[in-house]
Amino acid sequence: MADTIAFIDLQAQRRRLGAPLEAAIKEAVEGGQWILGPQVAEFEKSIAQWAGVKHAVACANGTDALLLILRAWGIGPGDAVFVPAFTFAASAEVVALAGASPVFVDVLPDTFNMDPASLETAIALVKKDGALKAKAVMPVDLFGQPADYRALEPIASREGLKLLCDTAQGFGGLLDDRRAGAIGDAAATSFFPAKPLGCYGDGGACFTNDDALKDRLLSLRMHGQGSDRYEHVQIGMNSRLDTIQAAILIEKLKIFSEEIEKRNAVAQRYNDAFAGSNRIKTPLVIEGAVSTWAQYTLQVADRAKIQAGLKEKAIPTAVYYPIPLSRQPAYAAYPSAPVPVSEALSGHVVSLPMHPYLSQTAQDRVIAAVLANAG
Ligand SMILES: Cc1ncc(COP(=O)(O)O)c(C=O)c1O
């Protein structure tokens, strides 16, 4: 049997990064400042510069990054935050953890991202019901593509809603020359290892151009500290990025632009190969956008058949996401606009191996197996 194809090949990336990566890790360990050491500030500066945003505040993971921002804005009980129904649970979880209410919005069938028309429906629903006060909208850059901020930004600004971009999967993508991370009142990303820019453990970051927000985030991530380490001006959290992770991220950021290009080449090859099949729907990237391809996700009629057929050929697949959040036991009681697209997608999506080091031979194996099992 042929070798198993890696869904994401982080060891290939590690081999490529080689000695400088090993040296950076060694230096971080020997430096002895393991929490918020100098590499963290250096990384915050370089990633902010890379994304074209004024401030980056690193923290313990992407979930915390979202929560820190919501808390810094004072979002809490009685507040509504609009979240897509088709996303990873963390997007809604943080709203509930802040004490506010997620309100679910449907997504578009070709990009998987928040549907502006459904956002309007959800806003109207909250206003009519009157129990919650609409405070923020949290589009998710799902699978790597920036949400359609051209349509979402004007709605947020008209309604006086804060725009928080959950760019855990899409950090570094582009929309009209703006990087995901630099869009919105604030953005949050994850450095979970499998993300396009990941570290060797958990990590995350908040991004903003707002100086006052940056100061509140710095305090919140350190137990709400004031001007002195042991003065606490607000109830904070312990959410910091380890120095060793920052050292790894500094090295990985150096090759990130090139890796995004390589992911796009793989996606283009997949798109071209599947374009002729009327049994397979390929993901759409809107005009003027660049995806980081955190996932390459098809819509197929018979998902079980494709998954079984690929498994037989030692090709892994994954389903993101099998149940919309609005139907999850933990979230079913929260308000929701009608989400028929999220419902339909959850039954038909399947993600294929995608990473910058996927050889053309491996791509061809994936393509042949998908075409052979598509119907
Ligand atoms: C869309 C989305 N939001 C938030 C998160 C949370 O990130 P983390 O796992 O670093 O807490 C993730 C990743 O897991 C995600 O995919």
Checklist entry - Which value, in Å² rounded to 10, gives the accessible area of Ile123 with a 1.4 Å probe and all protein chains present? => result 10 Å²
Checklist entry - If r is the Cβ-Cβ distance from Leu17 to Lys128 and R0 is 45 Å, what FRET efficiency results, to the nearest 0.05? => result 0.25
Checklist entry - Taking only protein heavy atoms and a 1.4 Å probe, what accessible area per residue, in Å², does the range 170-216 have with all protein chains in place? => result 32 Å²
Item to check | Whole-percent carbon and sulfur share, accessible surface of the chain, 1.4 Å | outcome: 54 percent
Checklist entry - With the chain treated as a Gaussian network of Cα nodes joined by springs under 10 Å, which of Ala180, Ala60, Ala19 yields the largest mean-square fluctuation? => result Ala19
Checklist entry - Pick from Tyr334, Tyr230, Tyr149: which is most flexible by mean-square fluctuation in a GNM of the chain where alpha carbon atoms under 10 Å apart are linked? => result Tyr230
Checklist entry - What length, rounded to one decimal in nm, is gained on full extension from Glu42 through to Leu97, with 0.36 nm per residue of separation minus their alpha-carbon distance? => result 16.7 nm
Next on the checklist: At 1.4 Å probe size, put Thr4, Thr297 in order of accessible surface, largest to smallest.
Outcome noted: Thr4, Thr297
Checklist outcome for this item: PRE zone check, label point 7 Å out along Cα-to-Cβ of Glu159, amide N under 17 Å, scope the range 328-360, hits 334-340
Checklist outcome for this item: Scalar couplings 3J(HN,Hα) for the range 219-229 by Karplus 6.51 cos²θ - 1.76 cosθ + 1.60 (θ = phi - 60°), nearest whole Hz, x for Gly and Pro, are 5, 4, 6, 10, 6, x, 5, x, 6, 10, 4
Checklist entry - Which of the pairs Lys45/Lys254; Lys26/Lys214; Lys127/Lys162; Lys195/Lys311; Lys162/Lys281; Lys252/Lys313 have their Cα atoms more than 25 Å apart in this structure? => result Lys26/Lys214; Lys162/Lys281; Lys252/Lys313
Checklist outcome for this item: Heavy-atom accessible area of His355, protein chains in place, probe 1.4 angstrom, given in Å² to nearest 10, is 10 Å²
Checklist outcome for this item: Within the range 99-115, the residues whose backbone N lies under 13 Å from a label point placed 7 Å from the Cα of Ala344 along the Cα-to-Cβ direction are 107-112
Checklist outcome for this item: Accessible-area order for Asp211, Asp177, Asp272, largest to smallest, probe 1.4 angstrom, reads Asp177, Asp272, Asp211
Checklist entry - By how many nm would the segment from Ala304 to Asp110 grow when fully extended, if each residue of separation counts as 0.36 nm and the alpha-carbon distance is taken off? => result 67.8 nm
Checklist entry - Is the range 180-248 best put as rounded, prolate or oblate by its Cα gyration tensor, with a ≥ b ≥ c the root eigenvalues, rounded for a/c under 1.5, and otherwise prolate when a/b is larger than b/c, oblate when not? => result oblate
Item to check | Nearest-0.05 FRET efficiency for Lys26 and Ala151, computed from C-beta distance (R0 51 Å) | outcome: 0.60
Checklist entry - How big is the gap, in Å, between the Cα center of the range 316-374 and the Cα center of the range 224-272? => result 25 Å
Checklist outcome for this item: For Arg15, Arg240, the accessible-area ranking with a 1.4 Å probe, largest leading, is Arg15, Arg240
Checklist entry - So what's the gap between the Cα centers of the range 116-150 and the range 47-89, to the nearest angstrom? => result 15 Å
Checklist entry - Sorted by mean Cβ packing within 10 Å, highest first, what order do the peptides 79-86, 90-97, 362-369, 160-167 take? => result 79-86, 160-167, 90-97, 362-369
Checklist entry - For Gln49 and Thr361, what does the FRET efficiency come to when R0 = 41 Å and r is the distance between their Cβ atoms, rounded to the nearest 0.05? => result 0.65
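The values are calculated or read from the model by the stated rules, or taken from the named source; none is laboratory data. These numbers come from a predicted model, not from an experiment. Cβ atoms come from the backbone with ideal geometry, glycine included; neighbour counts cover every protein chain shown. Protein only, heavy atoms only, side chains kept; ligands, DNA and RNA dropped before computing areas. Shrake-Rupley method; radii C 1.70, N 1.55, O 1.52, S 1.80 Å.
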